[in-house]
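What follows is a short report on a single structure.
The values are calculated or read from the model by the stated rules, or taken from the named source; none is laboratory data. These numbers were taken from a predicted model, which means no experiment stands behind them. Cβ placement follows ideal geometry from the backbone for every residue including glycine, while neighbour counts extend to all protein chains displayed. Each accessible area value is taken on the protein alone, full model and side chains, heavy atoms only, with ligands, DNA and RNA left out. Shrake-Rupley method; radii C 1.70, N 1.55, O 1.52, S 1.80 Å.
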Amino acid sequence: MRGVIRIPMGKFVILLWLAVMVTCLWILTRANYTADLSAFLPQTPNQEQQLLIDQLRSGIASRLILIGIEGADPATRAQTSRDLAARLRTDPRFLHIANGETHELGQDQRFLIENRYLLSPAITPDRFTEEGLRKGIQYSLDLLATSMGLFSKALLPRDPTGELLCLLEVLARGSRPQLMDGVWASRDGQRALLLARTRSEGADTDGQSEAVTAIRAAFQSASGPGTWLVMTGPGPFSVAARATIKGQVMILSGLGSLIIIVLLMMAYRSALTVLLGLLPVVSGALAGVAAVSIGFGVVHGVTLGFGAALIGEAVDYSIYLF
């Protein structure tokens, strides 16, 4: 038939290969990479293990980022802490920001009042018996005659058994950060402290990375002269671990590839032959990472590291052919 373009089989295969490689590169640029080691936890855990896994992935502790402001004098650090907290409180990536300022206590008080029966250490099965209720109410009535009378009188209609006061008494026993210039400070007084709770889960490394970046950006705008920022917590650890894994994979794979290329050049003494020998390796690596991304939705850093270790094995096949 006229008008039909016939492509030789060799050129068709090359064009098909190029199309597949371009598609794999496009997938790689949009793939999600993670360094979350919770994937290696038990897949069929018991109740205790499941609780631990849930806390590691999405628990409150996994969402906390401890922020420190160092340098300058205490007054500058305190002002920087207030400015940084004010900026982060308007950021939707954070659920709560605490630095010792008292204007945030209203929300905490409402939470304790609404959940006093769940949190109070005095709640036992006997607490709601006739005798238990009598003791609880008598405890609240006795407080009216003390210095706590004004506070307990306002709570008496809502909390007749005094559960909130029992809870506050327990919380007061614990250690608390010291205050300097109205904000939290470390024990040695050389660092202002803030606590941030992220909206993204601890296992969401991308979300944690965005939160860490947002904190750094906010600090750049709020920082006083001579101050610098430090952070710690599961989120910053996971972000740093992913960056380290990614960097080490790039270095090791690059170094391994360079050694292989030098050895092949010494053996073949032909750049074209070396290039043809490496094409299957590169093609296989791109196709493998793309397949993992499509099949599982995420590529783990350990997968990339293990794949880089197999480059030498993949080169063997082209060596056998030549």
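Scan the stretch 8-62 residue by residue and report those that are modelled with pLDDT of 85 or more, aromatic (Phe, Trp, Tyr) and touching a helix residue (DSSP H, G or I) at 6+ places or on another chain (Cβ under 8 Å).
Of everything in the stretch 8-62, just one residue is modelled with pLDDT of 85 or more, aromatic (Phe, Trp, Tyr) and touching a helix residue (DSSP H, G or I) at 6+ places or on another chain (Cβ under 8 Å), namely Trp17.
For Ala78, state whether it is at pLDDT 75 or above, in contact with an Asp or Glu (Cβ under 7 Å, 6 or more places away or on another chain), of a type in the set (Gly, Ala, Ser) and within 18 Å of Gln220 (Cα to Cα).
Values: at pLDDT 75 or above: yes; in contact with an Asp or Glu (Cβ under 7 Å, 6 or more places away or on another chain): yes; of a type in the set (Gly, Ala, Ser): yes; within 18 Å of Gln220 (Cα to Cα): yes.
Criteria met by Ala78.
Answer yes or no as to whether Ala85 is closer than 22 Å to Val212 by Cα, modelled with pLDDT of 80 or more, touching a helix residue (DSSP H, G or I) at 6+ places or on another chain (Cβ under 8 Å) and among the small types (Gly, Ala, Ser).
no
Does any residue in the stretch 198-226 that is on the phi > 0 side of the Ramachandran plot come within less than 9 Å, Cβ to Cβ, of a residue that is hydrophobic (A, V, I, L, M, F, W, C) and open to solvent by 10 Å² or more (accessible area, probe 1.4 Å) six or more places away or on a different chain, and which pairs are these?
Gly226/Ala72
Six or more apart or on different chains, Cβ atoms under 9 Å: show the pairs whose first residue is in the stretch 290-304 and under 16 Å from Gln248 (Cα atoms) and in contact (Cβ under 8 Å) with a residue 40 or more places away in the chain and whose second is open to solvent by 60 Å² or more (accessible area, probe 1.4 Å) and not in a helix (DSSP H, G or I).
Hits for this filter: Val299/Asn32; Val299/Tyr33; His300/Tyr33; Gly301/Tyr33; Leu304/Tyr33.
Yes or no: the stretch 187-206 includes at least one residue that is more than 27 Å from Asn115 (Cα to Cα), within 31 Å of the chain's Cα centre (by Cα), open to solvent by less than 80 Å² (accessible area, probe 1.4 Å) and polar (S, T, N, Q).
Yes.
How many of the residues making up the stretch 269-319 are hydroxyl-bearing (Ser, Thr, Tyr), exposed (fewer than 14 other Cβ atoms within 10 Å of the Cβ) and at pLDDT 85 or above?
Residues flagged as hydroxyl-bearing (Ser, Thr, Tyr), exposed (fewer than 14 other Cβ atoms within 10 Å of the Cβ) and at pLDDT 85 or above within the stretch 269-319 amount to 1.
Wholly within the stretch 42-125, which helices (runs of 4 or more DSSP H) include no fewer than the required count, namely at least 2 residues that are surrounded by fewer than 11 Cβ atoms within 10 Å (Cβ to Cβ)?
Correct list: 47-58, 105-114.
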